[in-house]
Amino acid sequence: MAAAAPRRLSHDHWDRRAAALTGPAAGRSARYISISHLIETYGYLAVFLLVGAESLGIPLPGETALILAGTYAGHTHRLSPWLIFLVAAAAAVIGDNIGYWIGDKGGYRLARRYGPKVRLDEHKLKIARYLFDRYDDRVVRPREVRSRRHGGSRDDRGEWDCPGDTTDP
């Protein structure tokens, strides 16, 4: 006896399930954007924008979009997994660099100006400033800077060896 083909669920099925899981908003006309619909409609551009914006620091479902794009590529063969990989990698690097540039050029000023909109008040900023001032060489600085500061040198693999550093395997 031949095995039955797996049942494919339509997007309407998933949209109805997502609408049922919206909780208190279920009684109202809840509006949401389906990531699978974005991937179907815009393809690589949707992956680039979602992953890039997430790397920038905007809380968007970039990894979810990446998984859905891979699944969509596997089922429909309309997208190339290799191009999805390249687009996502480029978006992550570009988004991360833009986020770094924004933080470098206006970080503390922007946090003071727009922080209250995201519940970042002056007290939390003072705590963050204190922690970065006190522990930045453990948190922010690259390993090379810590190594040079504490008398380290390069080992035989060309990596920086920092005395007292326990991050090596």
Checklist line | Among (1) exposed (fewer than 12 other Cβ atoms within 10 Å of the Cβ); (2) over 21 Å from the mean Cα position of the chain (by Cα); (3) not in a helix (DSSP H, G or I), the one test that His123 misses | finding: (3)
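Residue-by-condition table, conditions (1) among the hydrophobic types (A, V, I, L, M, F, W, C); (2) in a loop (DSSP other than H, G, I, E, B); (3) surrounded by 12 or more Cβ atoms within 10 Å (Cβ to Cβ); (4) modelled with pLDDT of 85 or more:
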residue	(1), (2), (3), (4)
Ala90	yes, no, yes, yes
Gly103	no, no, yes, no
Leu110	yes, no, yes, no
Arg113	no, no, no, yes
Leu131	yes, no, no, no
Ser147	no, no, yes, no
Checklist line | Failed criterion for Tyr135 (all others in (1) outside any helix (DSSP H, G or I); (2) exposed (fewer than 12 other Cβ atoms within 10 Å of the Cβ) hold) | finding: (1)
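The values are calculated or read from the model by the stated rules, or taken from the named source; none is laboratory data. It should be emphasised that the depicted structure is a prediction, and the values quoted were computed from it without experimental measurement. Note that each Cβ is placed from the backbone with ideal geometry, even for glycine, and that neighbours are counted across all protein chains shown.
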